[in-house]
Each structure stands twice: as structure tokens, then as C-alpha cells.
């Protein structure tokens, strides 16, 4: 390792120490849920084409690159939030290294270190090093792109082929990471038009950028669709009088006045003929100007998406860091950085800080789901359904693949299903919606914080015990109490009675009862499929047969039609004479009507028509 990299080691370590606590410091927020959804962490695994299709369908304003990489990372290390957030942190550290290399190679090592300190101590940038989003990847690619471009256009010797390949790859991949990278590429193009005087070099770089554009061409229709039909930021985009102060506030770590000294140093250096700073200053100013003009014209940047400014920050910290590093009074640099850091960490606690990050503010009102998952691990059974409480119903909002933040913690991390009931719901609201939330699940785990019981706890318990019986206490900890409830028609010690079909469809459990008062037979069954395609391919038929196998009652349903996970059906029996009957289940192909063969794993019975309840109507 070159000696000039030695100053970066403590700086990288400092960045790691500042960002790492956020890896598991809070719950995932809605945009992170979107990333996990696209990567297949909730309903996958997804193939690369399925990931691209998910982004094309649900988030066409984005590129697929980060989600493709995230899918590989998740398959390697698992889907826990801590492991997933390590990926953007890794990209952030690489981005820091590229910024230093830009400074060290084209300014000097001191300027590179100062620029990196401006990044590493910026709380807004640090927060995105532990967000499962694409912005640290985009930042890294744009910094690498700038280095390859400058090494080619400012080098004395003929650039090696690897650098040309790097230029093309970084330009194309930055667009696939986040299409807003086009604004930096446009700024680079303006610089190229104005300052590159060697015709051969001018056209070779132009051809390289054309190659990058051709690589991006397959995704361009998706981007155009996202920028038109799916465009959703114009209504609340910041006007220029708001956008520019927000940019300066974020770059200034909460205090724009802190930028006065670095900007003054930069201007002094430029006036003194310090031409090495010129490309960074011009690229910073041009990319910001283009971004602000585009925002003013079509509305790109709402306050909650202030992260879009990041595409300009690499050049800004290099220009400001280079100017600050060249100051005559060397003691002023560490003093400025100390003040910059102190103000920044105070800015993170400001009341309006989270407004720059969107719905992340809702996370503070969620229950501690990650610690709940850790506490419950090893205490759940396969068909348990967790019922808890939340101060923010947003945790139940379905994301891009139909899954919510609650689903991520319960299904992906814990391996069971569940729901969170708003703690402020009244008895009337619970009366109307509790049954829908429980969704026919026969095995419940009701959890609550005994130190802060929610207002809706008592009416929730009242609603549950109408159809469920209390069973064993699963956990009894100071801040988490969990009790099992089981459908009253079942025993607390019931063993599942599964049916396995040869095509991979599985009934995880089934039971039924005759309601003499209503003159119906109620059948409840839990369903799983081997692939999503089976939902469209197969139907389910529940029938009542006589002793001589005559069909006297029947209900059929598409497998996709609200059957998963638990399906409850009632068949009328008021027209049946006294006799012995059996309720049976049949799975059949929608097109060919061919029945699927299966095996009752409890009784060992095998067939295409399997009994799930025997009953007698008395005379």
C-alpha cells in the first residue's frame, strides 16, 4: 500500500465508527422496504430478470443496479436489516476512498483528506451509509467516473485501456444506479466542451460516453416512463428559494454559514490561479445549476427527497476541501472541522431534521419489532399468527410487492405471519375490523408491553376470546408479554394435520364443525403453494358427500381468490336428510379439470378426493 493512503486509514475507521451504530439502530423505513421488496427479500428469491421487472413495474424512476446487487448480497448474508445495511456502508467507504484518490491525484493528499473529512462528518451523508438505498452506490460510481475522466484527459501519457473501460462502465452503471446521474454527466459534458482542446482526445471521450449511453439504452424507455406517467414529485417539489437554502444547510451540516470560510478559501485560490481546483469547482457548480434548473422546470426534489443533492456533493467537498487545505493558517482547518462536526451532530437532533428524509419519521412510532423478533425466536410454531400493537398504522402499509414493514419482521425474519393493531383504536373500530385483521388464523400469539399497555388492548382481548381460548404464556418479560390463543374448536395441544399434494401445494392444517343452529358446516384450511404460478393454475373445491359418494353441497374457488393463508368456508346442510356425511377437499387444474393427488400426512390416506371432516345429521 502506498504511503499516501496512510492518512485515509484512521479516516475510514472514523467513518465506520460513526456510521456503524445505525446498522441496527432503528427499524427499516418504507423506502428500505421498497429496496428489499425489489431484491426479492419478501416474496422471492427473484432472478435478475424478475428484479428488473419489479423495478420496471413499481419504481420506474429508479434503475435496477442496486437491487440486483442487494439480491446477491441478501442471498449471501441473509435478509436481516443489519446485514443488508452493511452493503451501502461498504459503498460509502469506497466512495470516500475515491474522493480521497481524486484529491490526492489531482490536488494533493492534504486536500483529499480535508474533502473526506467534510463528508465523513456530515450527518446527512452518514445517515445514508446505513440506509438500504442506492445513494452511496451512486456517489461511489460518480466519484470513480470523475477520477477516470480526469486521469484520461489530464494525464501526460496515453491512458491505458482499463481506464477507458472504467470510464464507460462508471458512466453507464451510475445511470443504472440512479438515473439522476444524468445531471452530473451533463455537467461533465459542458466541461468537456469548454476545456478539452485536443481533437483526438475530445472525440475519443465522446465515443466512450456514447458507448455508455448505448449500454443504458435498454433501460431508457423505463426511465422515460417513470419521468412521465409515473412522475409524482412535481406537486410538492421545492421552488428555488427553498431548494438552494436546503442544499446549503445540508452541505453545511445544519448551518450554511459554516460554508463561508471554505467558499472564501476556494475563491481566493481560484483568483490566485490555482487551476487544479477549477474542474472540481466547475463540475460542482454546473451539476448543481443543472439540477436546480431541472427542478424548477418540472419539479424533481421535494423536501423529503433532499438526498437527490448528493450527486453534486463529491465535487463540492473536493472544491471546498481543496480551498480549505490551501489556507495559510493551518490551524484553522482542524478548528473548522471540529465546529462543523459539533454543529452537525446537533443538527441531527433538530425537530425538522427528519423532514429531509421522508417517511422515516414514522419509524419512531413503531413498536420495537427487531428486539421483539429476537425475543420470540425459538418460541413460535409454524402456523402462529402474531398480534401486536402500534402507535403508527403505517407499519402495516403494503409496499411494492404487497408486503408491509410488519411483514418483513414477522415473515422474513421470524418466519410467521402477523399484524399490528393501532393502539388508539376504539371498541367500535375493533368490532368492525378485528376479524379482518385476524384473517381466520386459528393460532394466535397476542403480545403487548406490560409496562405501557395500549388503549386498545382490553377491547382486542374481548374480541379475541369470543372465538379463541387462552392457552400457555409464551413470554413473560418486563417489556414483553406474549400469550398463545387457539381457536375454541381446537385444543391448546393440537398437532397440525397437513395434506401434501404431489404438485407442491400443501394444506398445513384443517378442521371443521357443524353449526346446528345455522344449519351449516364450517371448514377451515391453511394453504401454501410451491410457486406463485400455482395460484393462477389451480382451483379448490370443498364438497359434502353422502355415504355412497354423492355430492350434495359444494363451493369452488380460485386458489388466488383470498384463500392463502387461511380459508374458511360454510356449506349449507339444511336441505340434507339425517345420515352420515363427509366433507372433502379437491385441488384441480383450472383448464384441464384434472385433479391433483395428495397424501394426508396424519392418516396416511392418499387420493385425489381427501376427507377433512366426518359428521352425522341426526333424525
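Observations on the structure shown:
- Packing-based order for 465-474, 277-286, using average beta carbon neighbours within 10 Å, highest first: 277-286, 465-474
- Separation of the residue 202 and residue 515 label points, Cα + 7 Å toward Cβ, nm: 8.3
- Working from label points 7 Å from Cα in the Cα-to-Cβ sense, the residue 215 to residue 609 distance is 6.3 nm.
- Residue 616-residue 293 pseudo-label distance in nm [points 7 Å out on the Cα-to-Cβ vector]: 8.9
- Length available on full extension from residue 240 to residue 477: 0.36 nm per residue minus the Cα-Cα distance, which gives 80.0 nm.
- Potential lengthening between residue 547 and residue 489 on full extension [0.36 nm per residue; Cα-Cα distance subtracted]: 18.4 nm
- Packing order of peptides 10-19, 175-184, highest average first: 175-184, 10-19 (average count of other Cβ atoms within 10 Å over each peptide's residues).
- Among the listed options (i) 157; (ii) 175; (iii) 193, the one matching volume of the Cα convex hull per residue in Å³ as calculated from these coordinates is (iii).
- Rg/Rh, computed from the Cα trace of segment 366-487 with Rh as the Kirkwood radius, has the value 0.92.
- Based on C-alpha pairs under 8 angstrom that are at least 6 apart in sequence, the chain has a relative contact order of 11 percent.
- Computed from Cα atoms, the angle from the helix 65-77 axis to the main principal axis of the chain rounds to 60 degrees.
- Peptide packing: for 500-508, 320-328, the average count of neighbouring Cβ atoms within 10 Å per residue gives the ranking 320-328, 500-508, highest mean first.
- Sum of -39500 (n - 2.57) over DSSP H runs of 4+, divided by residues of the chain (222 nm, nearest 500): -14000 deg cm²/dmol
- Degrees, to the nearest 10: 199-216 long Cα axis against longest axis of the chain: 10
- Nearest 10 degrees, 0 to 90: helix 310-325 Cα axis against the chain principal axis: 40
- A Förster distance of 56 Å, applied to the separation of the beta-carbon atoms of residue 330 and residue 53, puts the FRET efficiency at 0.50.
Quick note: the coordinates plus some simple rules give every number you see, no bench work behind them. All of these numbers come straight from a predicted model, not from anything done at the bench. Neighbour counts are summed over all protein chains in view; Cβ atoms, including those assigned to glycine, are modelled from backbone coordinates with ideal geometry.
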